[in-house]
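Trainee: Dropping the structure in here first, questions after.
The values are calculated or read from the model by the stated rules, or taken from the named source; none is laboratory data. Everything quoted here is computed from the prediction, not taken from an experiment. As a convention, Cβ positions derive from the backbone with ideal geometry for all residues, glycine included, and neighbour counts pool all protein chains shown. These area figures cover heavy atoms from the full protein model, side chains too; ligands, DNA and RNA do not enter into them. Shrake-Rupley method; radii C 1.70, N 1.55, O 1.52, S 1.80 Å.
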Amino acid sequence: MQVFATELEVLEPYAVACAWLLFALIFFIRKKPPQTSETIRDRRSLIGLLLQIVGYVIVRLGLRAPAVGFLNLGSIGDVGAAIIAIGFMTASLYLTYGAVKTLGKQWSLAARLVQEHQLVTEGPYRLVRHPIYTAMFGMLIGTAIAVSQWQALIISTAVFLIGTMLRIRAEEQLLLVAFGDTYRNYARTVPVLIPWWHGV
């Protein structure tokens, strides 16, 4: 078990790098829709994006030494942590791909509405109202468990969630303006960020 755990420690940084590359590629190689005229944009959501990035930076700054486990629970704990990290990142990649594909031309870095904007409730949007942010959070957790320290995960989670809530607030205000009660009814039945939990 010790040998296997040591091999995992060597491979984890490469696995994390590959997962992030795939995450980025989902956005860059997606089929680009025709240009759509924008009707409303809320640039305040970019402040939230900045805080999300700061959360990732904190995880990066908290990188641990190769021989140190996430919680120092020995070889079995290291293997368990690696499996959990892989699970978070795999689920996040799957969720990101499904969300970007479902959202299509309406995807944007900043909160916005486009002409003929439609309320998307299919695919991953049946699980959570903001699946890309859920996936980003999963990538943060997976990365921290794989290569960072638990203290960095706690701090980065707080910063990331503040940024995420700022972005969600900006987006949902626009959606309420556009869809009114239809969006309110959707929001009552589908959680914001974490599947099956209406608290966050």
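Residue-wise test of (1) closer than 29 Å to Tyr14 by Cα; (2) modelled with pLDDT under 95; (3) small (Gly, Ala, Ser).
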residue: Gly48; (1), (2), (3): yes, yes, yes
residue: Ala65; (1), (2), (3): yes, yes, yes
residue: Val120; (1), (2), (3): no, yes, no
residue: Thr134; (1), (2), (3): yes, no, no
residue: Leu153; (1), (2), (3): yes, no, no
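Trainee: In this structure, does Leu174 turn out to be open to solvent by less than 30 Å² (accessible area, probe 1.4 Å) and either modelled with pLDDT under 95 or touching a helix residue (DSSP H, G or I) at 6+ places or on another chain (Cβ under 6 Å) (or both)?
Mentor: yes
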